[in-house]
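The values are calculated or read from the model by the stated rules, or taken from the named source; none is laboratory data. Model, not experiment: these values are computed from the prediction. A quick note on method: Cβ atoms are made from the backbone with ideal geometry, for glycine too, and the neighbour counts reach across all protein chains shown.
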Ligand SMILES: Cc1cc2nc3c(=O)[nH]c(=O)nc-3n(C[C@H](O)[C@H](O)[C@H](O)COP(=O)(O)O)c2cc1C
């Protein structure tokens, strides 16, 4: 197996998966201006993929600058997970991650994401199915061998594989397996390291990311890093080879490394602190200088242009998803609220350029 996790620096600091946020343009920007040690896609629904929903292939766009890159999947149907794992491997991802931590009602309430904490037997079947999908891929199966994928859908997958700079699937001489990891929370209503986390470790994922909150907490309170340390202690006690990744409230690389060392995790993931901060994996502090603001504004425009370039030819294209990023970039600027009000009404990068220029933010 090509296991990129083993080659990461220790401790490593990576970009967490974030639905509606960590799309191809943001990942490209982050990897251009910063150095995350690994990066995740947004989560993608396996049942949707198995219904040939082509728009669900969009979150799986990436380019070579983003490696190592892990695709994250969510859902509740083991067979859909198996087929989706084959798809992820065919697209050339370095790893596949299973979401067992999303607290959103539409996800957890339907029995996926953190809803799986209440259904550990199904969680185990899903892990098994993803591992099976990866070994099916290694043994020569591809999307066209999956009963749920239409030939049109398979063509799109293959096209996307080649867009990512990879050789056509027919030309692959030797297929390698990819590591399977899991991202979860400490428990459902209360933390359950001895039950839920132990069960996951027994399933031997290559890595286990633990967000230090329960489903019930959603994003309230502080992430419980002492409990994350209990996960590390449990993994040691079990002689587990699974890498433990801590997550929750980390604001910078330095803070991440400090937290990792203190709580003895192999690495950490940063989520919200990367919003509007393309330097989060390198520089520690934001300055308030006008030069720095201009630099951020220029990156905001580049992000908007990249978003257009990536998605504008796609069906049902909308500029809307990039607007929140624009608002994040200009947080803390003088006149931020006026600029934000205008940016959130833009519909193209040209309009963004006009707004930012009007405030003297572009050179
Ligand atoms: C807008 C948003 C979207 C998210 N989407 C995902 C997701 O797709 N998959 C996932 O595992 N976690 C997701 N998360 C959770 C983050 O990956 C992370 O666990 C959480 O934000 C805590 O880390 P932080 O304090 O560094 O932000 C999301 C969080 C937010 C705020």
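Table for the structure above
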{"quantity": "Residues (surrounded by fewer than 13 Cβ atoms within 10 Å (Cβ to Cβ), under 18 Å from residue 303 (Cα atoms), under 29 Å from the mean Cα position of the chain (by Cα) and in contact (Cβ under 8 Å) with a residue 24 or more places away in the chain) located in the stretch 331-363", "calculated": "347"}
{"quantity": "Condition broken by residue 52, with the remaining ones in (1) more than 15 Å from the ligand (Cβ to nearest atom); (2) assigned to a helix (DSSP H, G or I) satisfied", "calculated": "(2)"}
{"quantity": "Count of the stretch 58-80 residues which are over 13 Å from the mean Cα position of the chain (by Cα) and more than 16 Å from the ligand (Cβ to nearest atom)", "calculated": "7"}
{"quantity": "In the stretch 112-133, the residues that are away from the ligand (no atom under 16 Å from the Cβ) and under 22 Å from residue 53 (Cβ atoms)", "calculated": "129, 133"}
{"quantity": "Members of the stretch 244-294 that are more than 14 Å from the ligand (Cβ to nearest atom), closer than 22 Å to residue 201 by Cβ and crowded, with 22+ Cβ neighbours inside 10 Å", "calculated": "244"}
{"quantity": "Residue under evaluation residue 4, criteria (1) within 15 Å of the ligand (Cβ to nearest atom); (2) in contact with a strand residue (DSSP E or B) (Cβ under 9 Å, 6 or more places away or on another chain); (3) closer than 27 Å to residue 112 by Cβ, criterion not met", "calculated": "(1)"}
{"quantity": "The stretch 225-244, residues that are farther than 16 Å from residue 196 by Cα and not in a helix (DSSP H, G or I)", "calculated": "239, 241, 243"}
{"quantity": "Tally, over the stretch 260-279, of residues that are over 22 Å from residue 7 (Cβ atoms) and in contact with a helix residue (DSSP H, G or I) (Cβ under 7 Å, 6 or more places away or on another chain)", "calculated": "6"}
{"quantity": "Enumeration of residues in the stretch 214-232 that are touching a strand residue (DSSP E or B) at 6+ places or on another chain (Cβ under 6 Å) and within 12 Å of residue 101 (Cβ to Cβ)", "calculated": "214, 215"}
{"quantity": "Filtered residues of the stretch 82-107 (kept if within 15 Å of the ligand (Cβ to nearest atom), part of a helix (DSSP H, G or I) and buried (at least 24 other Cβ atoms within 10 Å of the Cβ))", "calculated": "84, 88"}
{"quantity": "Pair list, Cβ < 6 Å and 6+ apart or interchain, from the stretch 293-321 residues that are assigned to a helix (DSSP H, G or I) to residues that are loosely packed, with under 14 Cβ neighbours inside 10 Å and at pLDDT 95 or above", "calculated": "311/317"}
